[in-house]
1. If you check 196, 167, which single one turns out to be free of Cβ contacts under 8 Å to residues at least 24 places away in the same chain, out of contact with any Leu (no Cβ under 8 Å at 6 or more places or on another chain) and farther than 18 Å from residue 209 by Cβ?
2. Only residues that are over 16 Å from residue 223 (Cα atoms), in a loop (DSSP other than H, G, I, E, B) and open to solvent by less than 60 Å² (accessible area, probe 1.4 Å): list them for the stretch 239-251, please.
3. Is at least one residue of the stretch 148-163 away from the ligand (no atom under 13 Å from the Cβ), open to solvent by less than 10 Å² (accessible area, probe 1.4 Å) and within 30 Å of residue 67 (Cα to Cα)?
4. Please determine, by comparing only the residues of the stretch 180-204 that are of a type outside the set (Val, Ile, Thr), within 19 Å of residue 228 (Cβ to Cβ) and in a helix (DSSP H, G or I), which one is least open to solvent (accessible area, probe 1.4 Å).
5. Does the stretch 32-62 hold any residues that are part of a helix (DSSP H, G or I) and either open to solvent by 30 Å² or more (accessible area, probe 1.4 Å) or in contact with a strand residue (DSSP E or B) (Cβ under 8 Å, 6 or more places away or on another chain) (or both), and which are they?
6. How about the stretch 269-300: which of its residues are of a type in the set (Gly, Ala, Ser), away from the ligand (no atom under 12 Å from the Cβ) and assigned to a helix (DSSP H, G or I)?
7. Given the conditions (1) closer than 17 Å to residue 303 by Cα; (2) within 16 Å of the ligand (Cβ to nearest atom); (3) out of contact with any helix residue (DSSP H, G or I) (no Cβ under 9 Å at 6 or more places or on another chain), report the number of the one that residue 107 does not fulfil.
8. Determine whether the stretch 75-86 contains at least one residue that is out of contact with any helix residue (DSSP H, G or I) (no Cβ under 6 Å at 6 or more places or on another chain) and surrounded by 19 or more Cβ atoms within 10 Å (Cβ to Cβ).
Amino acid sequence: MKKDLIDILDLTNNEIDEMINVAFDIVENPQNYYEKCKNKKMAILFYEPSTRTRLSFESAMLDLGGNVLGFSEAGSSSVSKGESVADTAKTLECFTDIITMRHPKEGAPFVASQNVNIPVINAGDGSHNHPTQTLTDLFTIKREKGRLDNLTIACCGDLKFGRTVHSLISAMSRYENIKFILISPNELKIPEHIRSEILLKNNIEFIETASLEKYISEIDILYMTRVQRERFFNEEEYIRLKDSYILTPDKLITAKKDLSILHPLPRVNEISVEIDKDSRAAYFRQAKNGKFIRMALILKLLGL
Ligand code: NCD
């Protein structure tokens, strides 16, 4: 049976561990992977803007010796003529071996996966999920901290619309002794389904607060996020909330020496560029990690 990646929970912790090990091996021995996807093609169908996710998938496939085709703007494809996601996916199935899709509508990559017999990867669907960013985040945490358990993880910013946070909380809830500090304005708290179906159901310790400073000394991973302008109904509300948190060096005075600061990027204003010089700033290393773990994912889904 073909395997898709729609939700991070489609993968077991063992499968994630396996992929992380493959990603470590790719970092060490990239030459062993140069031909693995020879004659394979990936369709990359992006109905929403992207820099890292799309280009790291492209780069991952190229580094595996494969090829990519697709679109980075729905307006340039038959989508603009009104074609359905299902029909676009069925068409790409004629030409390619695996599909990666980003879409503003929750569930669109799932619909694609139900209509084709090749693997489909969700590269972000609306404010719902972003499982490959989470794989990137887990690989980064493993590289930075050497473990995925016994961690206090703070997620800060737009926890309501930020799909990367939803997938990260889902994934981390399955590791031992994880505590979350969820930092957001009242209007941008995590959705009820994440609170009840993930955190409460799995007895995960969590604190919700509006203060970035209050718990800073306890945090192992600080996961900053941008306020998701494109998901707001009201531009004024966005403008009011957009600068709720700006991480500056003074806010880190009491932080741990081995803190890791992550951000899925793009950054707008929520981390001052001065922080980039701090060795704890891991977000560009995180972006780089995205390619290696996506290579491991492609190999897994193609059964190679
Ligand atoms: C994120 C996304 O698209 O959800 N970006 C990414 O994939 N690295 C985060 C964001 O856009 O804020």
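1. Answer to the selection: 196.
2. none
3. Among the residues of the stretch 148-163, not one is away from the ligand (no atom under 13 Å from the Cβ), open to solvent by less than 10 Å² (accessible area, probe 1.4 Å) and within 30 Å of residue 67 (Cα to Cα), which makes the answer no.
4. The selected residue is 188.
5. Hits for the stretch 32-62 are 32, 52, 53, 54, 55, 57, 58, 59, 61, 62.
6. Result: 296, single match.
7. (1)
8. no
The values are calculated or read from the model by the stated rules, or taken from the named source; none is laboratory data. None of the values given here were measured: they were computed from a predicted structure. Every residue, glycine among them, receives a Cβ derived from its backbone with ideal geometry; neighbour counts consider all protein chains shown. Areas reflect the complete protein model, heavy atoms only, side chains present, ligands, DNA and RNA absent. Shrake-Rupley method; radii C 1.70, N 1.55, O 1.52, S 1.80 Å.
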